[in-house]
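Report on the structure given below.
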Amino acid sequence: MAQKPSLPPGYLGAQPKFAELGLSALSNIDSEIVADNNELEIKIKFKDNVKVTHQLINTRDEKDISDFVFTQTYCGTITFIIHLPESGYYKFQIFALSENDESKSLPNVYNYLINCTQALTPVFPFPKQYAQWKNGCYLHKPLVLHKEMPLRDIFWKVVIPDAKAVAVVADGEWFHLEKKGNHFEGSSNLDPFKGKDTKVTVKANFGPDESKYSTMLQYNL
């Protein structure tokens, strides 16, 4: 059984800026979480738009494994999807700042201690989220891509507000997604790129230059 780490006084829970920014805990009121599996979600409510980032640390070796967290923002709620590679204790730190604040450094606003009692599900890193993605975008599918999974017919469904066009790009090959209501969707065959350390990106065009695309997400196969 993993040993509970010693934490400084006042470390757990809401920090001074949390309430000041209009944030409130929605899913986990207790800052100490006991998880009986290695996949969980933490939800935070917000009143005004905020910039958010996070840090996930395995307390066994103090290793930063933040790429095992994916952030979704939708309808006034920030959802952190967390996959834990092994059982044990983890520190999950949330940083936030008003969207209108030009400061480069985001203050720590809330800290959790997660005790994962068993890790039965194999987990893989989430895609890298670029700055523009965090402006109200939402990923329905796929949350992860890895070389152990079937890659012949990957279905994509993403919400990217104000985008004129969206495409998935793998090693110079473009798969254009179709706009359906408020989202873009489509399929891509990524099987030829399996095991080649290919970077697969989601790119969006916001106009007026139809040839200019911004990178929103990046997966590594």
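The values are calculated or read from the model by the stated rules, or taken from the named source; none is laboratory data. Keep in mind it's a predicted model, so treat the numbers as computed, not measured. Cβ placement follows ideal geometry from the backbone for every residue including glycine, while neighbour counts extend to all protein chains displayed.
Remarks
- Just one of the listed residues (N100, N37) is in a loop (DSSP other than H, G, I, E, B), outside the structural domain of W156 (by TED's automatic domain parsing) and at pLDDT below 90, namely N100.
- Residue among F184, F155, F193 that alone is outside the structural domain of G22 (by TED's automatic domain parsing), surrounded by fewer than 13 Cβ atoms within 10 Å (Cβ to Cβ) and hydrophobic (A, V, I, L, M, F, W, C): F155
- Hits in the stretch 18-34 (condition: in a loop (DSSP other than H, G, I, E, B), farther than 16 Å from L106 by Cα and touching a residue at least 60 places away in the same chain (Cβ under 8 Å)): N28, S31
- For the stretch 63-85, a residue qualifies if it is in a loop (DSSP other than H, G, I, E, B) and modelled with pLDDT under 95, and the qualifying residues are C75, G76.
- Comparison of L145, L139 shows that the only residue that is buried (at least 19 other Cβ atoms within 10 Å of the Cβ) and either of a type in the set (K, R) or not in a loop (DSSP other than H, G, I, E, B) (or both) is L139.
- Selected residue [of a type outside the set (S, T, N, Q), surrounded by 16 or more Cβ atoms within 10 Å (Cβ to Cβ) and outside the structural domain of G76 (by TED's automatic domain parsing)] from F175, F206: F175
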